[in-house]
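Worksheet for the structure shown next.
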Amino acid sequence: MSWLTQTLTSSIGKKLVMALTGLFLCSFLIVHMSGNLQLFKQDDGLAFNVYAVFMTTNPLIKTISYGLYALILLHAFEGLYLAYQNRLARGAQRYVAYDGKANSSLFSRNMAVLGTVLLVFIVVHMSNFWFEYKFGYVPYTKYEQNLVTGEVTATPYEGEIKNKLEEFVREESNTRVVIVKDLYRSVLEGFKNPIVVLFYVLSMFAVSFHLVHGFKSAFQTLGINHIKYNSLLTFLGVGVFGIIIPIGFALMPLYFFFKSM
């Protein structure tokens, strides 16, 4: 067995894998939320649908996405395995006075539970939108955008196109025409269901708690734990990943739910 294999299969190696994959997933959340902010544009979903096509057809993005799916599974597996090992270790020390609450935070004691909730959320989220977009039926919409005023009109498109998106400009009317697979419509319909909205919002609480502890722990595992950086890491972990990111994602289902009322 090589030194690399020995390192990665050790307890320290597994924590290192958890830290690196976790930080990569944190960076993905920023990119994902930035793209999903297109949902709030008042253009009947034009910008979001164009973004969705780019994210699912660009070769580089597709390659990174498949790597991301693998990292999510690896991160989840390693996290559950470490939790299992820790439980066994505590079981072996059951005759020694041990107070888990005194030696660890609420977040750290429940990271496996929070991680499991998030894994369920990811599976549900991808089946609702990603799987449906890739393999199910998603209608097409025809957008006509006035290039002078920026005004957008959207109408259902019943014809067929070869790709997920076709785009051209009518020079005589100075109009941009986009025919695109309408994932925005799926989001709009999906978030009319209050149970789905509640599930998404509650899942964002799990995201918040998981990230608050996980972000800081990742840097501690990597040895980046110094008074010069701790205040910045606390701000990023709590302020950005614990508050801004979860609130940003939670606002999306709430926005569409109240918009449909």
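Ordering of 240-253, 209-222, 156-169 by packing is 209-222, 240-253, 156-169, highest average first (other Cβ atoms within 10 Å, averaged per residue). Backbone phi angles across the range 13-30, fed through the Karplus curve with coefficients 6.51, -1.76 and 1.60 (θ = phi - 60°), yield HN-Hα couplings of x, 5, 5, 5, 4, 4, 5, 5, 5, x, 5, 5, 5, 4, 5, 5, 4, 5 Hz in residue order; Gly and Pro are listed as x. Take the Cα of LEU147, step 7 Å toward its Cβ, do the same at PHE77, and the gap between the two points is 5.1 nm. Sorting the segments 129-142, 183-196 by their residues' average number of neighbouring beta-carbon atoms within 10 angstrom, most packed first, yields 183-196, 129-142.
Considered as an equivalent ellipsoid built on the Cα gyration tensor, the range 105-261 has semi-axes of 40, 20, 15 Å, the largest given first.
Taking one quarter of the surface of the convex hull spanned by the alpha-carbon atoms of the range 139-181 gives a direction-averaged projected area of 3.0 nm². With the simple model of a label 7 Å out from the Cα in the direction of the Cβ, LEU37 to THR56 spans 2.4 nm.
When the range 139-181 is described by a simple charge dipole with +1 on each Lys and Arg Cβ and -1 on each Asp and Glu Cβ, the residue from PRO139, ALA154, SER173 located farthest towards its positive end is PRO139.
Taking the number of Cβ atoms within 10 Å of each Cβ as an exposure proxy, the fewest-first ranking of LEU23, LEU73 is LEU73, LEU23.
The numbers here are math on the coordinates, done by the rules we state, and not lab data. If you're wondering where the values come from, they're calculated on a predicted model, not measured in any experiment. When we count neighbours, we look across all protein chains shown, and the Cβ atoms used for this are built from the backbone with ideal geometry, even at glycine.
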